[in-house]
Amino acid sequence: MNTLPLGPQPEPHEAGYSRQRAWVEVDAAAITRNAATLVEGLAPGSSLMAVVKADGYGHGAVPVAQAALAGGASCFGVATLAEGVQLRRAGIQAPVLVLGNLIHAEELRSCLRWQLMPTLSGMREALLCQNLAAAAGRPMAVHLKLDTGMARLGVDWHEGPRLVAAIRDLADVELAGVYSHLACADAPPDDDNGFTAQQLQRFESVLDSLRQQQLSAGCRHLANSAGTLRSRAVHYDMVRVGLALYGHSPAPHLRAAAALQPAMQLRARVSLIRTVEAGVGVSYGHRFRTSRRSRLAVVGIGYADGVPRQLSGQITVLHRGRAVPQVGAITMDQLILDASDAPELEVGSVVTLLGQEGDLQISPDDWSRRCGTIPWEILCGFKHRLPRLPLGAH
Ligand SMILES: Cc1ncc(COP(=O)(O)O)c(C=O)c1O
């Protein structure tokens, strides 16, 4: 006999349950609007690649990809094979470029099977692709990456023209694009020692040489969010945008370049309220001690969910237009608020850790500045213990 309680209602730990302890809320319409805003600002002839790696910067790769398509994105960038296959399995048919290096023949065979374009950084992988494509009897599209000054992936830019020629000689490999990546585009233009201009020059010099040899580069692309917002001169045929698509500026001086709308709200629920006397130590190490009789609220979210422990005692959460301070060490699964001045907060109340409530807003940038990281890392840090739900689901 089946003793499992099977039924139409989701269990309290499942995504469909309406009273989660903590969750990430994603505003798909904001992603669509951001994509449209970015497309509108592109240089003529350029198109938008939505970078949806790392599960769409923590927002959920598939809903983000669908929302970005609706806003005018024409292709996708992922970091890994698995991320590309996930898009295909969800029925997304637009071109997908794998930005990471795939080194094994099986990975490249999988690219061919799922019609994902690998990034090549040298001839070794190009030859693997040729062999696989010849064996399969169909061409394989690839992009070649040039290292113009990031010193990460890509062939040294001096080698670019030679490599393009060699790849173009491979019968079954289609060189669909040539690209590079900017290392310092988020620095104010006077502050990057001219390095972005130098990268641009190097990229241009490869393209010049290809023109002279009458070799097509295919789709040329160079800019990330910062490059895209900084200058149309780096838009080429396509831009690869991550952070800005999610509504955040890669640097304060670029904020005015586009009206973007944050797409993520991080919310959690109060699970306990207690009143303690003055002088009580709160949480591990008693890093906070109450200075008055205090009303403490325990919230069910912690560093195991992606709230950095370094933020202990440095953040507030929003509730009904009020900022409520977090106190004491953030623990693995909970954090504590001093709700003495927020009498309306009760067990079951929902607080906003990131996002907007009324006129108040807390951004990943606010957090990252306080704990010495970058907004990208904050967004990607939210673990899958937190369900991703559409905006307003709670
Ligand atoms: C090669 C490449 N292009 C584009 C991006 C998107 O960058 P951003 O999120 O700054 O727009 C990334 C992200 O790290 C990347 O690695």
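Tabulated results
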item	result
Where trypsin sites (Lys or Arg not before Pro) fall in DSSP loop in the range 275-371, at most 11 other Cβ within 10 Å	292
Taking the range 28-253 and dividing mean pair separation by its residue count, relative contact order in percent (alpha carbons under 8 Å, at least six apart)	20 percent
For the chain, the longest site-free run once GluC sites (Glu not before Pro) in DSSP loop states with at most 10 other Cβ atoms within 10 Å are removed	15-276
Summed residue charge, Cβ within 13 Å of residue 331's Cβ, Lys/Arg positive, Asp/Glu negative	0
Antiparallel %, DSSP beta bridges [both residues in the chain], to 5	50 percent
Cα gyration tensor, the range 28-253 - rounded (a/c under 1.5), prolate or oblate	oblate
Relative contact order of the range 124-200, pairs being alpha-carbon contacts under 8 Å that are 6 or more residues apart, as %	33 percent
DSSP H segments from the chain that extend 20 Å or more along their own axis, Cα-based, with Kyte-Doolittle mean of -1.0 or above	195-212
Cα pair distances exceeding 21 angstrom across the range 9-72, given as percent	37 percent
Estimated 222 nm signal from helices in the chain, with DSSP H stretches of n ≥ 4 weighted -39500 (n - 2.57), rounded to 500	-8000 deg cm²/dmol
Global size of the chain as Cα Rg and Dmax, reported in angstrom	24.2, 80
Sorted by Cβ density within 10 Å, fewest first, the residues 332, 238, 150, 49	332, 150, 238, 49
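Each reported figure results from applying straightforward, stated rules to the coordinates on display, with no laboratory input. Predicted model, so just to flag it, every value in this text is computed and none were measured. FYI the Cβ positions are ideal-geometry reconstructions off the backbone, even for glycines, and counts take in every protein chain you see.
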